[in-house]
Amino acid sequence: MKKYTKIAAIALVAFGFMACMQAKNSQATSSTEIASNDANTAVQQAGLSLNDTSLKKVEKTDAEWKKELTDNQYYILRKKGTERPFQNEFNENHKKGHYFCAACKLPLFSSEAKFNSGTGWPSFFDVINKDRVKEVVDKSLGMVRGEIVCARCEGHIGHLFDDGPKPTGLRYCMNSGAMLFQESK
């Protein structure tokens, strides 16, 4: 039993460290910046299409990404940041629809594969198409885990774990800020 207690303690310390890193890296946002980011997200969502499935690489300069993405999207997608658990847009989203890469608009996940993992981040047991994401080894924070990036723009979306529900047994633990959502009609 002591072994499990130590493992749990290490996990809590790692989680606390990640939360502190997020808080340190987060910038204070004025109400004007929030309104600007909300307007930017609305404009981004206007161009979403389930038919946009080309995997032709999208390559842009850092300056171009900074101009197109909100501060939070840039931090997550381009700097491999992680948002705070339970304080993000899609963790409690129960609407039917699809989730797209916020950077290049590639359709990635369906609400049909979304489940409540209890982790505080939106979680999915499968992707729309396995070719649309790539798994990269992530050795940050003293852990080895699978990082999930968009196959088209290589933006960081989240991580992959093998503790998900059937039928896949996988948990794609994603950042809301890395995705856009389009509700089904």
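Here are some pairs, 67/139; 60/139; 60/96; which of them have Cα atoms lying more than 27 Å apart in this structure? Checking Cα-Cα distances, 67/139; 60/96 exceed 27 Å. Close amide H partners of residue 58, meaning residues 5 or more places away or on another chain with modelled amide H under 5 Å apart, are 153. When its C-alpha radius of gyration is set against 2.2 N^0.38 Å (N residues), the stretch 49-138 gives a value of 1.14.
Here the stretch 109-167 has 50 percent of its accessible surface on carbon and sulfur atoms, given a 1.4 Å probe and all protein chains in place.
Computed over the Cα atoms of the stretch 35-185, pair by distinct pair, the Kirkwood hydrodynamic radius stands at 15.4 angstrom.
If you take the alpha carbon atoms of the stretch 92-164 and fit the smallest convex hull around them, that volume is 99 Å³ per residue.
The values are calculated or read from the model by the stated rules, or taken from the named source; none is laboratory data. As the structure is a computational prediction, the values presented were derived from the model and not from experiment. These accessible areas exclude ligands, DNA and RNA; they are computed on the full protein's heavy atoms, side chains included. Shrake-Rupley method; radii C 1.70, N 1.55, O 1.52, S 1.80 Å.
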